[in-house]
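Please treat every number below as a calculation from the coordinates, not as lab data. On a predicted model such as this, the values are computed, not experimentally measured, just so you know. Using ideal geometry, Cβ is built from the backbone for each residue, glycine included, and neighbour counts are taken over all protein chains shown.
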Amino acid sequence: MSKKASFSQKGGDSREGDHGDLAGKHTDDFKRPSSHGNRAARRNTSSAKSALGSQIWSAVQLCHSFWAAHFDSEPRVGIHRRTVSQALEPGKPALLVRIGRRTETGLHHCFGGHRIGITGRVVLDKGEVKGIRDVTSFNIRIAREKKGAAQKVMPVLFESGKLLNTLLISPPQCGKTTLLRDMARSISYGSEWSSSRKVGIVDERSELAGCLQGVPQRDVGPRTDVLDACPKAAGMMMLIRSMSPDVLIVDEIGRPEDGDAVWEAIHAGVSVICSAHGADVTEVAERPMLGKLIRQGAFSRYIVLSRTKGVGTIQAIYDQGLKPLKKEQVV
């Protein structure tokens with residue numbers, strides 16, 4: 001979760017909001033000409049790519065300016081003018097994005113946990129996504145760390161000294177990753193509710209810890225081990241076998257194998273805190289894997305976020321039986 005500046009390619013105007021997106025809107029002016037064999041058309045395409053590269057670079061510069069104006073340190077956005085210009089050279093099949101483990105969701109991950117979302121024409125090879133060309137829009141998302149974000153929910157995560165298995169439910173852009181990161185930090189450092197515990201994070205999309213060459217760029221605590229860019233299901237099993245964590249933290253579970261891994265971890269004596277996209281518990285329970293975990297009683301706490309009073313609003317907290325906790329229990 002972070003602040004928002006909106007970047008318009010045509011008007012260049014910016015608007016401040018409350019989420020970490022810097023959105024470059026559709027580049028309709030840069031569509032590929034239909035006459036592929038025409039030399040002038042190829043020149044126009046090359047010129048359009050250069051123009052788009054300038055737009056992307058301007059957006060990156062705006063990211064830096066915006067960050068410096070609102071925070072104490074400079075962002076470490078891992079994209080540079082040379083990178084942009086090389087990616088936009090004529091004849092290159094993929095524009096800016098080469099699909100791999102770190103970009104397979106349509107996001108290009110930068111140093112420090114920053115991300116650039118890209119849309120356009122998808123390049124397929126035997127049914128697998130290999131790249132994106134003819135880029136039509138991009139969305140630069142600045143990662144933000146907010147220490148203390150988890151302070152209000154920490155008391156309800158413990159019962160008789162035991163850390164309860166918790167599912168964090170939230171629609172997009174409501175601050176669930178920021179909250180999950182601060183939960184990891186608080187549990188790792190220890191607090192008035194519990195002593196320090198060993199934390200394992202499976203950071204498949206490099207968002208929670210924002211690792212750079214394996215080293216977390218965000219403060220996730222001194223007793224926290226991170227598996228960066230690792231599939232969630234495999235990562236949970238790897239951490240249990242190799243690092244003996246007290247708690248596993250995973251962002252956005254959804255696949256059947258994720259649910260199996262969560263169930264295995266819970267029955268291996270490890271507490272699990274994870275998140276899922278959804279507006280409320282009822283909606284999440286309609287999804288096959290999550291519904292199965294809920295019916296099996298895998299989680300003892302459900303925390304629902306919204307934006308009704310701003311990003312990070314705690315809409316409701318439920319117990320294992322899906323009964324809302326009383327207000328005095330939450331405060």
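Summary of computed values
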read-out: Karplus-derived 3J(HN,Hα), 6.51/-1.76/1.60, for each residue of the stretch 278-285, Hz, glycine and proline x; value: x, 8, 7, 5, 4, 5, 5, 5
read-out: Percent antiparallel among DSSP beta bridges (both partners in the stretch 151-228, rounded to 5); value: 45 percent
read-out: The stretch 247-331: Rg to Rh, with Rh as the Kirkwood radius over Cα pairs; value: 0.96
read-out: Cα extents of the stretch 154-330 along the three principal axes, largest first (Å); value: 40, 35, 32
read-out: Packing rank of 120-131, 155-166, 226-237, where each peptide gets the mean count of other beta carbons within 10 Å, highest leading; value: 226-237, 155-166, 120-131
read-out: Separation of the residue 243 and residue 146 label points, Cα + 7 Å toward Cβ, nm; value: 2.5 nm
read-out: Under 5 Å, built H, 5+ apart or other chain: amide partners of residue 206; value: 229
read-out: Among the listed pairs 146/292; 147/309; 130/198; 198/232; 232/292; 130/176, those beyond 28 Å (Cα-Cα); value: 146/292; 130/198; 130/176
